[in-house]
Amino acid sequence: MGDMMLSPEQENDREVRRADQERIGKFGRLNARLHEVRSERGDLKAKMERIDDASTDLMMGSGDRVSIRLGAAFFETSEEEATEHCEELVEGAQTAVDALGDEEASILAEQAELKRLLYARFGASINLEEGGPPKA
């Protein structure tokens, strides 16, 4: 516990204004969304890998008809149509991954600005870093 205490020089007795509270709250909301975005991107990338594996399996097929799942139902189709379906799914997932990447970059830029403002006002008496205060 002793290493979590601030020295008298590090303490900041500044009053927390409404604007500061709003910035801190916004930073927290952005941080929560950042974690959601990263999780969604990871899930989509895993889905794309599974679809790519299925597409590879289709290419190694014998040209017979195959069953694909759409929702809760299975449909019989040609390998060519199934491969096209996989390609469409991968394209859609890639578009979503790209959009989430853009959102992540936007969140990080906004958080950097909020950190700049809040650290300028409160110094070491506020911690906006993941996993605890930075090591000195």
Those residues of region 28-68 which are without any contact (Cβ under 8 Å) to a residue 60 or more places away in the chain, open to solvent by less than 90 Å² (accessible area, probe 1.4 Å) and of a type in the set (A, V, I, L, M, F, W, C) amount to Ala32, Leu44, Ala46, Met48, Ile51, Ala54, Leu58, Val66, Ile68
Here the residues within region 72-81 that are part of a helix (DSSP H, G or I) and open to solvent by less than 90 Å² (accessible area, probe 1.4 Å) are Glu79
If we keep only residues of region 82-136 that are under 18 Å from Glu22 (Cα atoms), of a type in the set (S, T, N, Q) and assigned to a helix (DSSP H, G or I), then the residue least open to solvent (accessible area, probe 1.4 Å) is Gln111
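The values are calculated or read from the model by the stated rules, or taken from the named source; none is laboratory data. Everything numeric here is computed off the predicted structure, so don't read it as measured data. All Cβ positions, even for glycine, are placed from backbone atoms using ideal geometry, and neighbour counts span all protein chains on display. Please note that ligands, DNA and RNA were not included when accessible areas were found on the heavy atoms of the full protein model with its side chains. Shrake-Rupley method; radii C 1.70, N 1.55, O 1.52, S 1.80 Å.
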